[in-house]
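Down below is the structure, laid out as structure tokens.
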Amino acid sequence: MELSILQWLFQGIPECLALAALAMVLAGRRLEAKSVFLIGLPHAVITYLVRLLPLTFGVHFIIFVVVLATLLNVWLKISLSRGLLTALTGLIILAVAEVSFISIILLAMGISFEQASQNIFLLIVYGWPHAVLLFLLAVAIDRWRKRRRVKEGFDA
């Protein structure tokens with residue numbers, strides 16, 4: 001599915017940054033803004049470019065898993081196998097959250113996806129709840145780990 005530049009700027013980039021944050025904490029790393037941007041922004045650019053390609057449904061998902069795993073491997077120095085598992089887990093969480101939130105919003109508004117897809121503003125706004133959820137989930141996991149480290153006597 002091709003993204004407009006507005007969708008990419010206001011939905012795609014925040015979504016990729018949120019996914020990077022979640023992937024970092026799922027990989028067992030501390031949440032750091034610099035790493036989120038070093039992973040999320042290239043992922044957003046590659047996501048935009050891949051979406052321009054005429055690929056069969058599902059192929060882009062595999063590409064996104066490999067790209068995210070590679071970025072995690074390069075920037076966080078985790079193994080590629082751990083990166084693949086982390087990327088797959090993060091993207092599955094993203095997909096489930098996206099489908100759930102969009103379905104709930106469309107049901108609440110009483111419109112079909114086809115109707116909503118005709119309005120770029122609605123498409124962008126529909127993308128925010130799951131991105132916010134991913135960020136909140138990443139922050140919650142990061143804080144939980146910090147509290148656990150402190151409780152166990154390790155440096156937070």
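In a residue-by-residue description of segment 30-45, the property of being on the phi > 0 side of the Ramachandran plot and surrounded by 12 or more Cβ atoms within 10 Å (Cβ to Cβ) applies to no position.
Only residues that are part of a helix (DSSP H, G or I) and exposed (fewer than 15 other Cβ atoms within 10 Å of the Cβ) were counted across segment 67-109, and they come to 13. Taken together, the residues in segment 113-140 that are over 15 Å from the mean Cα position of the chain (by Cα) and open to solvent by 40 Å² or more (accessible area, probe 1.4 Å) amount to 10.
The set of residues in segment 38-70 that are within 16 Å of LEU26 (Cα to Cα) and in contact (Cβ under 8 Å) with a residue 40 or more places away in the chain contains only LEU68.
For (1) more than 21 Å from VAL50 (Cβ to Cβ); (2) modelled with pLDDT under 95; (3) touching a strand residue (DSSP E or B) at 6+ places or on another chain (Cβ under 7 Å), each residue gets a yes or a no:
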{"position": "ALA69", "(1), (2), (3)": "no, no, no"}
{"position": "LEU72", "(1), (2), (3)": "no, no, no"}
{"position": "LYS77", "(1), (2), (3)": "yes, no, no"}
{"position": "ARG82", "(1), (2), (3)": "yes, no, no"}
{"position": "THR89", "(1), (2), (3)": "no, no, no"}
{"position": "ILE92", "(1), (2), (3)": "no, no, no"}
{"position": "VAL99", "(1), (2), (3)": "no, yes, no"}
{"position": "ILE102", "(1), (2), (3)": "no, yes, no"}
{"position": "MET109", "(1), (2), (3)": "yes, yes, no"}
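The values are calculated or read from the model by the stated rules, or taken from the named source; none is laboratory data. Quick caveat: nothing in here was measured; it's all calculated off a predicted structure. Don't worry about glycine lacking a Cβ; one is built from the backbone with ideal geometry, like all the others, and counts go over all protein chains shown. Only protein heavy atoms, including side chains, enter the accessible area calculation; ligands, DNA and RNA are left aside. Shrake-Rupley method; radii C 1.70, N 1.55, O 1.52, S 1.80 Å.
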